[in-house]
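Here the structure comes first, spelled out in structure tokens, and everything after it is commentary.
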Amino acid sequence: MNRRERLLATLQGQPVDRPAVSFYEIGMWTFDTQNQDKFNVYNDPSWKPLIELAEEKTDIIREISPTLTPKHPDIRAKYIKEESWQEEHSKFFRTTVNIENRTLTQTTRRDADVDTLWTTEHLLKNEDDLKAYLEVPSEAFECNADCSSMQSQIQAIGDSGIAMINSSDPLCTAAALFEMGTYTVIAYTEQDLFHKLLQKISAIDLPKYQAIARQCPGQLWRICGPEYASEPYLSPSLFDEYVIQYDKPMVDVIKADGGFARLHSHGRLKNILPLIDKLDIDGLDPIEPPHQGDVNLIDVRREFGLKWVLFGNIEITDIENLEPLAFEAKVSQALEEGTAGPGRGFVLMPTASPYGRTISKTTLQNYSTMVRLANRMD
């Protein structure tokens, strides 16, 4: 089987020659190792062999994206201002939302040696900010989705793998507006108000996802956000409140046009797995092992493996820190548990990827172990 055939067969619950193996973001995105911009961590020579390993030897699950433009640019400009600037080795991004006599501000920072964004100021600081935010017309956030380039993106992947469309559920968008402590307090104590926020976001995003699914049908989608309602942040009862009723329409939209819905949820899963089952998803990632999570892969496979493709469950901290022999044991266990007994399919995959400037020899060797052991099962 080529890599595309292997992944499609996995999603469809058909036999495969060996378990698929993905490096998650490495392969999910393409990296320019030649661009010498100081904010491009991937131009460090230590990254090149890892990127080449992913491109040549893993089953690529590549993110593809539409072009999004404001549907009502004049209304957006009236309420929302975005700006960016650079100071020495950091880039800063500020979003300002003006509504009546209230100004809401969010600031993020990106440092040169770390490919991630840090939120240094959250947009909503309290309940009054949330109430003001709800007054911003939905038209200020609505986007047109131009999917005309997505078929060429799929063609570029060729037989090396498949495409994947990323999406955020309403909870993911809502929770990120707050500092984590503020979010949990409001989600617990102001449930009616928080539902209004989720309803507003859902009404904006669902038509956009529907347009994308219709223009580019039959693709794998990743839905991010449910972990914000998992323990220890919120109770399972609130997972039912804030995830199920908003994510189920997303899953339905994806599957109506022949797509596959993969739910992304870090951390504790044990008490929410029966709730996730209500969503009729096709896959689940990254199924973190204890102690980062609270379930074993084998148990998820036994209970839900006939319904879901399981993606996981190698911790990125193990890739970066474990000695090669100890890491090999972790990979062997994941492969054994992920393929034990009958099941729809399994993709060996880390829980995340490195985002620093250099890749150690141990990290590279451990990634190579994932490829070697997955191929040994053919």
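Taking a quarter of the surface of the Cα convex hull of segment 184-223 gives a mean projected area of 3.5 nm². Size estimate for segment 19-103 follows the Kirkwood approach: the inverse of mean 1/r over distinct Cα pairs works out to 16.7 Å.
Only aspartates and glutamates eight or more places from residue 71 in sequence, or on another chain, were considered; those with a Cα closer than 17 Å are 82, 139, 142, 146, 205. Evaluating kT/(6 pi eta Rh) at 20 °C and 1.002 mPa s, with the Kirkwood radius of the chain over Cα pairs in the Stokes-Einstein relation, gives 98 µm² s⁻¹.
Taking the square roots of 5 times each eigenvalue of the Cα gyration tensor of segment 271-329, largest first, gives ellipsoid semi-axes of 25, 11, 10 Å.
Extents of segment 32-176, taken as max minus min of Cα coordinates on every principal axis and listed largest first, are 55, 37, 26 Å.
Segment 131-176 gives an Rg/Rh value of 1.17, both radii derived from C-alpha positions and Rh following Kirkwood. Taken along the Cα-to-beta-carbon direction at a fixed 7 Å, the label points for residue 317 and residue 190 span 3.3 nm.
With a Förster radius of 35 Å applied to the beta-carbon distance between residue 33 and residue 294, the computed FRET efficiency rounds to 0.35. Among the protein heavy atoms, those of residue 147 account for about 10 Å² of accessible surface (1.4 Å probe, every chain in place).
Both radii come from the Cα set of segment 222-299: Rg as radius of gyration, Rh as Kirkwood radius; their ratio Rg/Rh reads 0.96. Using Cβ point charges alone (K and R +1, D and E -1), the dipole size of the chain about the Cα centre works out to roughly 660 debye. Dividing the mean sequence gap of close Cα pairs (under 8 Å, 6+ apart) by how many residues the chain holds gives a relative contact order of 19 percent.
The calculated FRET efficiency for the pair residue 1 and residue 103, based on their C-beta separation and a Förster distance of 56 Å, comes to about 0.50. The stretch between residue 248 and residue 118, if pulled fully straight at 0.36 nm per residue, gains 43.8 nm over its current Cα-Cα span. For segment 172-315, the alpha carbon positions stretch 41, 38, 23 Å along the principal axes, listed from largest to smallest. Under 5 Å from the amide H of residue 344 lie the amide H atoms of 306, 307, 308, each residue being 5 or more positions distant or on a separate chain, with H modelled from the backbone and absent for Pro and chain starts.
Largest first, the three principal axis extents of the alpha carbons in segment 298-351 are 34, 17, 14 Å in whole numbers. The DSSP beta bridges internal to the chain are antiparallel in roughly 50% of cases. Once C-alpha pairs closer than 8 Å and six or more residues apart are averaged by separation and normalised to the residue number of segment 207-344, the relative contact order reads 21 percent.
Please work out the FRET efficiency for the pair residue 48 and residue 270, using the Cβ-Cβ distance as r and a Förster radius of 56 Å; give the result to the nearest 0.05. For residue 48 and residue 270, the calculated efficiency is 0.90. In segment 140-235, Cα pairs under 8 Å separated by at least six residues give a relative contact order of 49 percent. Taking the accessible area of segment 1-146, probe 1.4 Å, and keeping the other protein chains in place, the carbon and sulfur fraction comes to 44%. Accessible surface area normalised per residue over the chain is 45 Å², counting heavy atoms of protein chains with a 1.4 Å rolling probe.
Rounded to two decimals, the Cα-based Rg/Rh of segment 132-236, with Kirkwood Rh, is 1.06. The tail of the calculated P(r) for segment 88-135, taken as Cα-Cα distances beyond 14 Å, holds 53 percent of the pairs. Stokes-Einstein diffusion of segment 159-216 at 20 °C, 1.002 mPa s viscosity, Kirkwood radius from Cα pairs, rounded to a whole number: 162 µm²/s.
The values are calculated or read from the model by the stated rules, or taken from the named source; none is laboratory data. Just so you know, these numbers come straight off a predicted model, no measurement behind them. No Cβ is skipped: glycine too gets one built from the backbone with ideal geometry, and neighbour counts run over all protein chains shown. Remember, those area values only see protein heavy atoms, side chains included, never the ligands or the DNA or RNA. Shrake-Rupley method; radii C 1.70, N 1.55, O 1.52, S 1.80 Å.
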